[in-house]
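**Q** Just passing along the structure, written as structure tokens.
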Amino acid sequence: MDMHDDTPREDAADAAPEATPAVTPEPAAVPEAPAAEQAPAAAEPPAQPAPAPARPAPRKLSPIEERPEVAIALPRRKLAAQTRRDFLLYGAGVAAAALGAWWLLPSRTKSHLPLQAGHDALDTLAARVGLTSERRGKLLDGSLTFDDDVAEALYSKDRTIRTYARSEVTPLRNNYDGQTPDPAYLPTWQLQISGLASGRIERLGVNDLARFATHEQVTRFVCVEGWSAVAWWGGIRFADFLAAFPPAPGAKWAAMRSAVNRDAHGHPDPYYVSIDLETARHPQTLLATQLGGQPLPIEHGAPMRLLVPMKLGLKNIKAITEIAYTAKEPADYWNERGYSKYDGL
Amino acid sequence: MSRAPQSTDTVRVVPKHHGLVRITHWVNIPLLFGLLVTGLSIYWAAPVFMHPWNPVTHTHDGLGDVSVFIARLLHDTHDDPRNWIYNHFSLGTSSLASALSIHWLFAYLFMINGALYALGLAAGGGWRALLPRGTDPAEAVAMLRYYLNAVPSLVLRKPNPHPKIAFKYNALQRAAYFSMPIFGALVVASGWAMHKPAMLGWLERLFVNYDGARIVHFVSMLVLGTFVVPHVILVIADGFDTFRSMITGWSARVKEDGDGHA
């Protein structure tokens, strides 16, 4: 159908609305009687004037009732101009969305797309309108930072993380990104603690951990990849550890490092994460030494790993060899590889 | 309306779709597309629909099985057949970091867009046309019969009159338009449940557990994505006026002849 099909009628809509309600725009929000009358009237052929067919009795529309559609008369020129404007804007929007989508695509994805010859032209076009790869990086970093801020705003130190019954435990996979470390490090394992109020550097062996009370909890372990597992952990409360080895005044962060971490080829690839001390003091934050009632196996970070159930799995560093309390925010292994910084769950 | 010039220079049109509804409708498309391609890349990292090792498809991943099936059907030996879906409908495999950051960006935009859509529905009163009505069951059957007859009636050259519909949209349309915002809300809620299960534990429990939220998220994505197919077909079948009305906000179909199905 086309707008030309509609015979232009008396343009009484503006001049005398009360005389010809058929062309009067009716505000949909007013459930008065005239609204019900208009729909049949609008359908009348233009030639026939007064003798209306049997109209339904005017009645009140309920608040959820559909409002009848009411035609309005618009100047043809104005309508055409508006329509042209809207279609031009729409076309511009489609072009902008297409170029924006291209700009956001990772280069890895682009390399798999056909018509490689046109890729440079598209990149140049995008850069010319300001969509440079630097801006892309900034935008995506900003998106991660914003999401981190949301996570921090949601975080409450007083909130208890959901716990499960031991019967609900599910298998926990060894997700070491590289090779699982050689167990040879275990007999000589030491934990070095620095940034202490005492100004000293402490070194603990496995036997030194025995003086701390052991706490157990069954919590869900959630990986950034999307899998999760319910596991039964046991270990030292980080809060107790902080009380025994108080950090220097002004310290806000606990930077943890595992010197025994390996890459996929078995070469040393030290792993490092950090959590803020408030999160470290949460009663469910453990320096875990047990899994499933047994000492931690190598693949889960023997002899001691971090367990922060309010953070993604990648913050739960295995086989910690070093803890340093710092005032300045420390680096994070996966944040440097394009992932979020705080990883709050 | 301002004052009109001459009577012959006016056109009678029916105003349709609040401006916010029209803009957010179109913005939804790139956003959902971006969420889908990044979401599938994230899904690849750890599929939720897993099964024991399948010796035929060589995978634990249900989508991997479907991928192998499609790749064999198309004789596509170009790449690992287990990754066919990921290679064609996502950013690709091993792209988790970039997929996550783009997914968050689009997810926040999708929520803002959804809120503006709801605002437009409320401001324009358009929500009333989406509510289920008492006449829906009978009309849905009539419409189904009409759609199923569409092709046979063309072949057999038999008439296939459009059923009389009681409201602006027919029952099938209304069911679809009514459920889209619900699935939109569901995809957002399940997304938050798996994004912040520790702080929003109550939301995670609403989906039973973490994987429950993942399954709802995945299924909602499928529903939202599948809706597009009949939606586009029916808009094309219905004609240019319907398409134009979602851009310009007016329809030239002034008579209430009960057609219009998209």
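Rule-based calculations on the coordinates, nothing more; no lab input. Please read all numbers here as calculations on a predicted model, not as lab measurements. In this analysis, Cβ positions are derived from the backbone assuming ideal geometry, glycine residues included, and neighbour counts consider all displayed protein chains.
**Q** Hey, what do the phi angles of segment A:172-188 turn into as Karplus ³J(HN,Hα) couplings, whole Hz, using 6.51/-1.76/1.60 and θ = phi - 60°, x for Gly and Pro?
**A** Values per residue, Gly and Pro as x: 10, 8, 7, 10, 3, 5, x, 6, 5, x, 5, x, 4, 6, 4, x, 9 Hz.
**Q** Further question on the same structure: Around A:Asp86, with a cut-off of 10 angstrom between Cβ atoms, what is the net charge of the other residues, counting Lys and Arg +1 and Asp and Glu -1?
**A** Working: positive: A:Arg84, A:Arg85, B:Arg22, B:Arg244; negative: none.
Summing Lys/Arg as +1 and Asp/Glu as -1 gives +4.
**Q** Under 1.5 on a/c is rounded, so check that first for segment A:161-337, then, if it is not, pick prolate when a/b is larger than b/c and oblate when it is not; a ≥ b ≥ c are the square roots of the alpha carbon gyration tensor eigenvalues. Please report the intermediate quantities before stating the final value.
**A** Values: a/c = 1.36, a/b = 1.18, b/c = 1.15.
Here segment A:161-337 falls in the rounded category.
**Q** Peptide A:228-237: average number of partner chain Cβ atoms within 10 Å per residue?
**A** What the average comes to for A:228-237 is 1.
**Q** In peptide B:90-98, how many Cβ atoms from other protein chains are near each Cβ within 10 Å, on average?
**A** Mean inter-chain Cβ contacts per residue within 10 Å come to 5.
**Q** What's the extension gain from B:Leu156 to B:Asp76 if we count 0.36 nm per residue and subtract their Cα-Cα distance?
**A** 25.0 nm
**Q** What distance in nm separates the two pseudo spin-label positions at B:His60 and B:Ile236, each 7 Å out from Cα along the beta-carbon direction?
**A** Reported label-point gap for B:His60 and B:Ile236 is 4.1 nm.
**Q** Using the structure shown, select from A:Lys60/B:Lys16; A:Lys157/A:Lys341; A:Lys138/A:Lys318 the pairs with a Cα to Cα distance greater than 21 angstrom.
**A** On the way: A:Lys60/B:Lys16 23 Å; A:Lys157/A:Lys341 18 Å; A:Lys138/A:Lys318 31 Å.
As for pairs spanning more than 21 Å Cα to Cα, those are A:Lys60/B:Lys16; A:Lys138/A:Lys318.
**Q** Then there is this: Taking 8 Å as the Cα distance limit and 6 or more residues as the minimum spacing, I'd like the relative contact order of segment B:109-262 as a percentage. Intermediate values should be presented prior to the final figure.
**A** Values: 130 pairs, mean separation 31.6, N = 154.
That works out to 21 percent.
**Q** While we're here: Using the Karplus equation 6.51 cos²θ - 1.76 cosθ + 1.60 (θ = phi - 60°), what ³J(HN,Hα) coupling, rounded to whole Hz, does each residue of segment B:191-205 give in order, writing x for Gly and Pro?
**A** x, 5, 4, 8, 7, 10, x, 6, 7, 10, x, 4, 6, 4, 5
**Q** Over the Cα atoms of the protein assembly as shown, what radius of gyration and what Dmax do you get, in Å?
**A** 31.3, 104
**Q** What distance in nm separates the simple spin-label points at B:Thr226 and A:His215, each placed 7 Å from Cα in the Cβ direction?
**A** With each label placed 7 Å out from Cα toward Cβ, I get 4.6 nm.
**Q** If we count every other residue with Cβ under 11 angstrom of B:Leu200's Cβ, Lys/Arg +1 and Asp/Glu -1, where does the sum land? Write down the numbers at each step before the final one.
**A** On the way: positive: A:Arg159, A:Arg162, B:Lys196, B:Arg205; negative: B:Glu204.
In short, +3.
**Q** Which is the longest run of chain B containing none of the trypsin sites (Lys or Arg not before Pro) found in DSSP loop states (not H, G, I, E, B) with at most 14 other C-beta atoms within 10 Å?
**A** Details: sites that count: B:Arg3, B:Arg157, B:Lys164.
Longest run free of exposed loop sites: B:4-156.
**Q** Mind giving me the FRET efficiency for B:Ala138 and A:Leu115? R0 is 45 Å, r the Cβ-Cβ distance, nearest 0.05 is fine.
**A** Working: r = 51 Å, r/R0 = 1.14.
My answer for the efficiency is 0.30.
**Q** Which order do the peptides A:76-86, B:25-35, B:49-59 come out in when sorted by mean C-beta neighbours inside 10 angstrom, highest first?
**A** B:25-35, A:76-86, B:49-59
**Q** What number, rounded to the nearest 500 deg cm²/dmol, is the helix-based mean residue ellipticity at 222 nm of chain B, given -39500 (n - 2.57) per DSSP H run of at least four residues and division by all its residues?
**A** Rounded to the nearest 500, the figure is -21000 deg cm²/dmol.
**Q** Follow-up question, since we're still on this one. Output the relative contact order of segment A:120-239, whole-number percent, from Cα pairs under 8 angstrom with separation of 6+ residues.
**A** In percent, rounded to a whole number, it is 24.
**Q** Regarding segment B:14-88, what is the average projected area of its C-alpha convex hull, in nm²? Let's see the in-between values first.
**A** Details: hull surface 30.1 nm².
If you wrap the Cα atoms of segment B:14-88 in a convex hull and average its projections, you get 7.5 nm².
**Q** I've got another one for you. Mind checking the alpha-carbon convex hull of chain B and giving the volume per residue in Å³?
**A** 204 Å³
**Q** Would you mind giving the mean number of other chain beta-carbons within 10 Å of the Cβ of each residue in A:147-156, as a whole number?
**A** Average per residue, whole number: 3.
**Q** Which order do A:Leu113, B:Leu200 fall in if you start with the one that has the fewest other Cβ atoms within 10 Å?
**A** A:Leu113, B:Leu200
**Q** Give me Rg over Rh for segment A:82-131, both radii from the alpha carbons and Rh done the Kirkwood way, two decimal places. List each step's numbers first, then the result.
**A** Details: Rg = 13.3 Å, Rh = 12.1 Å.
A ratio of 1.10.
**Q** Something else about it: Pop the C-beta distance of A:Ala248 and B:Trp53 into the FRET formula with R0 = 51 Å and round what comes out to the nearest 0.05.
**A** Using R0 = 51 Å, I get an efficiency of 0.45.
**Q** Across segment A:90-97, in residue order, what do the Karplus-derived ³J(HN,Hα) couplings come to in whole Hz, using 6.51 cos²θ - 1.76 cosθ + 1.60 with θ = phi - 60° and x for Gly and Pro?
**A** Working through the residues one at a time gives 4, x, 4, x, 4, 5, 5, 5 Hz.
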